[in-house]
Amino acid sequence: MKQDAQAARTLLRKGSFSGLRDTVKALGEFATDAGMPTEKAQQLVNNFLMSLQVLDNTLISSLRSKVPVPDIADKQLEKTIQDLDSLLATVPPQQVEQAQQLLDEVKAFFADPPQNDKDVQALKQLIPA
């Protein structure tokens with residue numbers, strides 16, 4: 001991150017992280033659906049989004065000023081990760097297990113592509129409707 005601020009900013013917007021902000025908002029809604037008070041879930045979401053924004057602002061400021069990324073960016077990244085961990089902790093364990101099982105099956109699916117439609121149907125059964 002500190003070696004290439006532009007690459008770090010790009011990663012926050014493309015590829016695996018392209019839908020990060022929407023996913024975090026969905027996690028907040030999921031937490032509310034699971035019984036967490038709306039205000040608390042929204043605060044968890046806001047904490048993460050604010051931490052991410054502070055980090056992003058540090059990176060863009062560095063780029064615009066054409067100076068190295070300051071050391072404070074490391075602490076900002078740690079806070080962003082902590083805030084995301086706090087939000088992820090609201091997901092019930094059974095849902096985490098189900099997601100992990102689905103992820104494992106998807107990885108296996110692509111590691112050894114199916115030879116027939118039966119394999120595809122088996123994978124689809126793991127995805128909740």
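Every number here is computed from the coordinates shown, using simple stated rules; none is lab data. Everything numeric here is computed off the predicted structure, so don't read it as measured data.
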### Message
Could you work out how much longer the chain between Gln100 and Asp71 gets when fully extended? Use 0.36 nm per residue separation minus the Cα distance between them, nm to one decimal.
### Response
7.0 nm
## Note on the structure
With a 27 Å threshold on alpha-carbon distance, the violating pairs from Lys40/Lys107; Lys14/Lys66; Lys25/Lys66; Lys14/Lys40 are Lys40/Lys107; Lys25/Lys66; Lys14/Lys40
